[in-house]
Structures are given as C-alpha cells and as structure tokens.
Amino acid sequence: MEGLAQGDAAREILTRAIEDGECLKCSFSTAYEWFRALETAGMQEAMRDCLNDWIALLELDCTTCPETPREARSECHAWSALPLYEMMRTMAGIVPEGIGWEHVRIRPHTMDLEDLQGKAATPKGDISFRYEKTEEGWLYSVELPEGMEGEFLYPDGRTQHLSGGEAWVSCR
C-alpha cells in the first residue's frame, strides 16, 4: 500500500495525530482507513486504544454501532462489523495473499490479550487458530484448510511455512 509517507516518517505523523489533543479523531465509519494506515506504518499496537471506543459503546447501552462515539444514537451500519474484521486481520493476523485465498500470511498482534482463539472463514474452508501466552513465551497453533499454503511470521521476524491440512504448533 502506497501512502503519503513511509517508514519512520509515517510513524512520526501517526504518533503526532494520536498524541495531539486537537487533532480530529476518525469516526467509526472511517476507522478502516485509520487502521490500514496504522498497519502500513507497523503500529498495530496503537489500534487497541481505538478499539476501546467500540468497547465503550456497551456502557452507552448501544445495541448497534453509532456514527461517532460522541452523542451516540444506536444505528445499524455495515461498517459496524469492523471490530470483527480487525480481530481476524490484525489481532489474529490472518491476511489473504493472492487470488482466492490460495496463500495466507499470519502475523498475530495480540496486544494486551493473554490468549486468542477462533476460526477465520475462507473460500477454501476455516483457518483454526489458538494463541496462548505461557511462562516460556507464546504458544501458537494454526490449521489451514486443504489446498492452502501460508507463512507464519513471528514477532521477531522469523517465518514458518504452513501447509493446508496440517495442524501446526510452535512455542516461541
């Protein structure tokens, strides 16, 4: 993804936007673009604070997602599902590469979670995953559907090839 700035310059701009109290914050409907900018700059951990605005909707008794977190009224918008998408794409780290999910890149960003598990639905079948923090580090378990290949990227940059139909477990 190409943007106005790359690398350190992008991180500096986004950090200033986060820390500047006078900078306008994205509404829920524009959060997707904000999350992609943070992802491109390698600032996935900063997404957690943004997700807190969505979590706080429960305290406002919202049953659907409003346009903005301020002066909220409960509405129903398709982008209300964005937190679910971000859980899979960013926190579980499951991102398709290529056409038809033939290859997948998995790079978890569990943020402040101690564990995360679930299934990501794809056209080839479900990707099952379980990440658990242990005393030795993180325990990762991933199973791809038949016919899918992938790469698991550890936080330290190492990679592990994955093949469909095999359960794969590794402790970092």
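Need one number: nm distance between label points at His103 and Glu149, each 7 Å from Cα along Cα→Cβ, rounded to one decimal.
Result: 0.7 nm between the two label points.
Provide the convex hull volume over Cα atoms per residue for region 69-167, in Å³.
In region 69-167, the Cα hull volume divided by residue count equals 129 Å³.
Let me spell out the model: positive unit charges on the Cβ of Lys and Arg, negative unit charges on the Cβ of Asp and Glu, origin at the Cα centre of region 68-172. What dipole size does that give, in debye rounded to 20? If you can, show how the numbers build up before the last one.
On the way: 11 positive and 18 negative charges, 57 e Å.
That gives region 68-172 a dipole magnitude of about 280 debye.
Beyond 18 Å, how much of the Cα-Cα pair distribution for region 24-69 remains, as a whole percent? Kindly include the intermediate steps, with their values, before the conclusion.
Numbers: 303 of 1035 pairs.
Looking at region 24-69, the distances longer than 18 Å represent 29 percent of pairs.
What's the Kirkwood radius of region 8-100 in Å, using all Cα pairs?
Numbers: mean 1/r = 0.0698 Å⁻¹.
So the Kirkwood estimate lands at 14.3 Å.
Sorting check: for 20-26, 44-50, which peptide has the highest mean count of neighbouring beta carbons within 10 Å, and how do the rest follow?
Values: 20-26: 9.0, 44-50: 16.6.
Descending mean neighbour count gives 44-50, 20-26.
At q = 0.13 Å⁻¹, what is the base-10 log of I(q)/I(0) for the chain according to the Debye formula with one equal point scatterer per Cα and no solvent? Please give it to two decimals.
Scattering profile of the chain, log10 relative to I(0): -0.75.
Considering region 1-52, what Rg and Dmax in Å follow from its alpha-carbon atoms?
Rg, Dmax (Cα atoms, Å): 10.5, 28.
Only bridges with both residues in the chain count here: give the DSSP antiparallel percent, nearest 5. List each step's numbers first, then the result.
Values: 29 of 33 bridges.
Of the beta bridges lying entirely in the chain, close to 90 percent run antiparallel.
What spacing in nm lies between the two simple spin-label points modelled at Asp61 and Tyr32, each 7 Å away from Cα in the Cβ direction?
That separation, rounded to one decimal, is 3.1 nm.
Identify which of Leu162, Leu51, Leu84 has the largest mean-square fluctuation in a Gaussian network model of the chain, with springs joining Cα atoms closer than 10 Å.
Residue with maximal mean-square fluctuation among Leu162, Leu51, Leu84: Leu84.
Would you mind counting up the charge near Met47? Only other residues with Cβ under 13 Å from its Cβ, with Lys and Arg at +1 and Asp and Glu at -1. Mind showing how you got there, number by number?
On the way: positive: Arg36, Arg48, Arg89; negative: Glu33, Glu39, Glu45, Asp49, Asp53, Glu86, Asp112.
It works out to a net charge of -4.
FYI, it's all coordinate maths here, none of it is from the lab. What you see is a predicted model; the values in this text were computed from it and never measured. Reconstructed Cβ throughout: ideal geometry from the backbone, glycine too, with neighbour counts over all protein chains shown.
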